[in-house]
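Working notes for the structure below.
The values are calculated or read from the model by the stated rules, or taken from the named source; none is laboratory data. Here the structure is a predicted model, which means the values were calculated and not measured. Methodologically, a virtual Cβ is constructed for each residue, glycine included, from the backbone with ideal geometry; neighbour enumeration extends over all protein chains shown. All accessible areas refer to the heavy atoms of the entire protein, side chains included, with ligands and DNA or RNA removed. Shrake-Rupley method; radii C 1.70, N 1.55, O 1.52, S 1.80 Å.
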Amino acid sequence: MRWQGQQVDASDAAALPGMEQLSGLVRSVTTPEFAGMTFHEVAARSALNHVPGSSAMPFDWTVNPYRGCSHACVYCFARGTHTYLDLDAGRDFDSQVVVKVNVAEVLERELHRGSWGREHVALGTNTDPYQRAEGRYRLMPGIIEALAGSDTPFSILTKGTLLRRDLPLLQKAHARVPISIAMSIAVYDDELQKQIEPGTPSAQARLDTVRAATDAGFRVTVFLMPVLPHLTDSIAALDDALRRIRDAGAVRVVYGALHLRAGVKPWFMQWLESTHPHLVSSYLGLYPGVSAAAPKAYRQWLARRVRPLLRAHGLDGRDEEEPVRARPAGGGPPGALPVRVTSRGLAAAAASAAAAASASAASASAAPPRLF
């Protein structure tokens, strides 16, 4: 395993934002409560990670208490980062989790420097801060308290229902700083969800967490991402997902088609071959060679299918490609995402539910473009 000599200042410029440094290894831990998993506890020298200006990510600062993730989502874009440690992007990413055990203390020191401008900080941008390891290490309460105590606005994106544990603390922090909460729920079919996201809570458990956060006073966004071609992109599947999102109290949806980065594609295709072999040729056509994004024609087709359904269910929403990168100093209003959005593809005003339903029915008969 390449830990770069366990140097506390070791840096990897090729890593994703927030994952460039792996500080000194303290110990590796296994425990019966987390069978099959190893936690590599490290002492971090830094907690705040600055996102390069050239990045397309719509924020400038991140905090990532963990590296690797027990959610084991087959499509996870961060899988490739594990190879920088001489760990594989497959099983090792799911079971070998790096834990920055002192991240809250380091973060508090960094936030109280005179040079800190109290810019928005994003949590959950690489691996989930509320994955199973958080139940053992309880790093998030300290992070939340450090951010709120320094008047720093922040956002949380998670698939973890453990968020509910910290809602009282988040409510208290929300009275002081802007906080936005987003729940990632891509798959609403229980059988498929267990196949492709075996370590995640069920969709319903996450929707119940959306409801709990809503009842706690937060305007929650749901990330309906990734939409999986031929698996979750039917009118019936999308309509069911958006109905359940609305009923859970969410006010906003961000959707987007599957991305398959180089470090993820082999692992995903191996899974597809074993679970849905009849779709392999279709996916090879959609994502040929080194292509990471679905073709533009497919993404446009998906937008035409989703937008009428969003209107029909009374949900604000946008395609993941619509935000304009912005760096709002001091964050935004409570409940806002840390981006300024230009909804160039959405209608200027919502149509009536009847008109939207009619549009949905019309698009239901349309087949995906035959790109493969």
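Quick notes on this structure:
- Once backbone amide H atoms are built at 1.01 Å from N, K159 has Y130, S184 as its partners under 5 Å, excluding neighbours fewer than 5 places away on the same chain.
- Between the beta carbons of A216 and R243, assuming R0 = 22 Å, the FRET efficiency works out to 0.45 to the nearest 0.05.
- With the highest mean first, a sort of the peptides 39-52, 214-227, 272-285 on other beta-carbon atoms found within 10 angstrom per residue produces 214-227, 39-52, 272-285.
- Segment E41-L279, length gained on full extension (0.36 nm per residue, minus Cα span): 81.7 nm
- Positive-end residue of L169, P229, M183, charge dipole of segment 169-229 with Cβ unit charges: L169
- Cut-off under 5 Å, modelled amide H: who pairs with M225 long-range: I185, A186
- Computed from backbone phi, the HN-Hα couplings of segment 196-208 come to 9, 9, x, x, 8, x, 5, 4, 5, 5, 6, 5, 5 Hz, rounded to whole numbers (Karplus: 6.51 cos²θ - 1.76 cosθ + 1.60, θ = phi - 60°; Gly and Pro given as x).
- Segment 244-286 - percent of accessible surface contributed by carbon and sulfur, probe 1.4 Å: 60 percent
- Packing-based order for 162-170, 245-253, using average beta carbon neighbours within 10 Å, highest first: 245-253, 162-170
- Karplus-derived 3J(HN,Hα), 6.51/-1.76/1.60, for each residue of segment 167-175, Hz, glycine and proline x: 4, x, 5, 5, 4, 4, 5, 5, 6
- For segment 172-233, the relative contact order comes to 45 percent (Cα pairs under 8 Å, sequence separation of at least 6).
- 3J(HN,Hα) along segment 110-127, derived from phi through the Karplus expression 6.51 cos²θ - 1.76 cosθ + 1.60 where θ = phi - 60°, amounts to 5, 6, 9, 6, x, 7, 6, x, 6, 7, 5, 10, 9, 10, x, 7, 10, 10 Hz, with x in place of Gly and Pro.
- If you look at the Cα atoms of segment 156-252, you get an Rg and a Dmax of 13.7, 45 Å.
- For segment 140-296, the solvent-accessible area with a 1.4 angstrom probe is 37 square angstrom per residue.
- Cut-off under 5 Å, modelled amide H: who pairs with V51 long-range: W61, T62
- Sulfur and carbon atoms: percent of accessible area, segment 44-179 [1.4 Å]: 49 percent
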